[in-house]
């Protein structure tokens, strides 16, 4: 997928190529030594030149995107915002009973919610450590945590069901 992205008055061409469970990134035609994994809705774990970053993308009602890292925040405008909205990353909340799965193999290091807890969309449910990076796994919807199927210290594989939110 190729996007024209305007950040701070400059337009850049960003291309994402998805293969299996990872994303490859190219900026203005130059491939980056980067690897990205979506760890939760609108949240990506990105390795860029050996440095690890967690990047959150928040759609705004005007079609722009707010891209946040732990130290910086940018407002971006995608030339064809329908391309972003057409993916499952829109501002819409998931509906119905939702299964939360491990995005990658790792170890559960912290439970942030318990069975029966009320949660909001985007609220952390648990933390999985993978590749020496802690990834907060968030609720895809507002509701109640129906079940937590893992415990702290437990190893998990990619795709393992971690919890249910109803």
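For the list (1) within 18 Å of the chain's Cα centre (by Cα); (2) surrounded by 15 or more Cβ atoms within 10 Å (Cβ to Cβ); (3) at pLDDT below 90, I need the number of the one condition that residue 108 fails. The failed condition is (3).
Within the range 91-99, can one find any residue that is surrounded by fewer than 16 Cβ atoms within 10 Å (Cβ to Cβ), under 30 Å from residue 149 (Cα atoms) and at pLDDT 85 or above?
So far as the range 91-99 goes, yes, one or more of its residues are surrounded by fewer than 16 Cβ atoms within 10 Å (Cβ to Cβ), under 30 Å from residue 149 (Cα atoms) and at pLDDT 85 or above.
Of all the residues in the range 98-130, those that are without any contact (Cβ under 8 Å) to a residue 24 or more places away in the chain and out of contact with any strand residue (DSSP E or B) (no Cβ under 7 Å at 6 or more places or on another chain) number 1. May I ask you to list the residues in the range 133-150 that are free of Cβ contacts under 8 Å to residues at least 60 places away in the same chain and farther than 17 Å from residue 115 by Cβ? Scanning the range 133-150 gives a single hit, 134. Within the range 122-157, the set of residues being under 18 Å from residue 107 (Cα atoms) and not in a strand (DSSP E or B) comprises 131, 132, 149, 150, 151, 152, 153, 154, 157.
The values are calculated or read from the model by the stated rules, or taken from the named source; none is laboratory data. Just so it is clear, the structure is predicted and the values come from calculations on it, not from any experiment. Counting neighbours? That spans all protein chains shown, and the Cβs are built from the backbone with ideal geometry, glycine included.
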